[in-house]
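The block underneath contains the structure these notes are about, expressed in structure tokens.
The values are calculated or read from the model by the stated rules, or taken from the named source; none is laboratory data. Predicted model only: the values in this text are computed from it and were never measured. Ideal geometry is used to build each Cβ from the backbone, glycine not excepted, and the neighbour counts take in all protein chains shown.
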Amino acid sequence: MTIAERAVLRAAVSDLNARSAAGDPAAFYGQQLLLSRIYALSTQLPEGPTAEGSTFVHEVLRLLEQATAAAEDAALEPGALDAAPTEPSAYLSWLKKSAREHRVYKHPYYREFIRDHATADDLRNYVIQESVVDGRFDDLLATMQVGTSGDAKMEIAENFWDEMGNGDPSQVHTHLFNQIFRVFDIPAQELERSLTANALLSGNLAVLLCRYRHLYPEAVGFLGMTEWLAPERFVHVVHAWERLGLPDVGIVYHKLHITVDSRHAAGWFHNVVVPAATSERMRRAIARGTLWRLNSSARYLDERMPDLATHRPV
């Protein structure tokens, strides 16, 4: 590739980012799809030659990552990161309070639509969108723990080992999650083309925060909040699954995570968040990652929330 060709492609990516920032839905989708495909170069084993080591691909990657991070920061309420208490226990209480007061907490998508109105097709689409995080949580943990030590590393390791089924291949959580694909006959090639821009963003943010060491505290906030919110949400998924009489094999993952994620979230908060909260830099960054998760999840669920009037019986 010539210098001129590189310049043209850089300009095209910059234009895509600018249009996405201006609110162009097609540009936002294109931006997140391209970012997801580049991440796949380093998160999936290749079947042949790849562009993983390309310096130009890395240059494009950084343009996309910086634009994505800037958009999330722009969505933060002014002063939101300055309000955190300095005492670690009080800081943890503040984080939880911020989540409980956020509009995404107990979102009606789960409490109303999924629980009482979702059809089997709705659950099929739900699982496809959720695959970007739930379907690779073990790899996210493995990536984010690099460079950690002490109680934090042990907590992440315990979490990871649970994801690995505590050594039982049949109980590996990604394997259990993939059983849902079999229930709904979802082929691999359908996954990417069915993902929305906000679903792609959810997965991209998780990879972004876990792969860079300087964003480790943001990953702590992002993944910790993901696990804290999951149990209550999954209760409604299980209720819908049983209401529809779907095969039991497909709901094992969600049933398991109702209890496992409650324990993981408690351990995460007390063994990872609280010790780190003695540092002002860590407090601010953990809060940033937490709010990125809350805000992006809210936009994702708003997008998925249908008009319930069309789902209620006459």
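Of the residues making up region 174-187, none is of a type outside the set (D, E, K, R), touching a His at 6+ places or on another chain (Cβ under 6 Å), more than 26 Å from G224 (Cβ to Cβ) and in the same structural domain as V220 (by TED's automatic domain parsing). Just so you know, in region 43-62 the residues that are of a type in the set (A, V, I, L, M, F, W, C) and within 22 Å of M144 (Cα to Cα) include one that is modelled with the lowest pLDDT, and it is L45. Would you confirm whether or not region 163-182 contains a residue that is touching a residue at least 24 places away in the same chain (Cβ under 8 Å), under 29 Å from A27 (Cα atoms), of a type in the set (A, V, I, L, M) and surrounded by fewer than 22 Cβ atoms within 10 Å (Cβ to Cβ)? No: zero hits.
May I ask you to list the residues in region 142-186 that are assigned to a loop (DSSP other than H, G, I, E, B) and charged (D, E, K, R)? The answer is D168, D185.
Here's the yes/no breakdown for (1) in a helix (DSSP H, G or I); (2) among the aliphatic types (A, V, I, L, M):
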| site | (1), (2) |
| --- | --- |
| L9 | yes, yes |
| A27 | yes, yes |
| Q32 | yes, no |
| L41 | yes, yes |
| L63 | yes, yes |
| A70 | yes, yes |
| E77 | no, no |
| Y105 | no, no |
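Screening the candidates L301, L246 for the property of being of a type in the set (A, V, I, L, M, F, W, C) and in a loop (DSSP other than H, G, I, E, B) yields one hit, L246. When the residues of region 81-103 are filtered to those that are assigned to a helix (DSSP H, G or I) and loosely packed, with under 14 Cβ neighbours inside 10 Å, the one that is modelled with the lowest pLDDT is D82.
Rundown of residues vs (1) of a type outside the set (A, V, I, L, M); (2) in contact (Cβ under 8 Å) with a residue 40 or more places away in the chain; (3) in contact with a Leu (Cβ under 8 Å, 6 or more places away or on another chain), yes/no style:
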position: L41; (1), (2), (3): no, no, no
position: Q44; (1), (2), (3): yes, no, no
position: G48; (1), (2), (3): yes, no, no
position: E52; (1), (2), (3): yes, no, yes
position: V57; (1), (2), (3): no, no, yes
position: V60; (1), (2), (3): no, yes, yes
position: L64; (1), (2), (3): no, yes, yes
position: T68; (1), (2), (3): yes, yes, yes
position: A71; (1), (2), (3): no, yes, no
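Selection of region 125-151 for residues being surrounded by fewer than 20 Cβ atoms within 10 Å (Cβ to Cβ) and small (G, A, S) yields A142, G147, S149, G150. R263 meets the conditions (1) over 19 Å from V127 (Cα atoms); (2) at pLDDT below 95; (3) touching a Pro at 6+ places or on another chain (Cβ under 9 Å) in every case but one. The failed one is (3).
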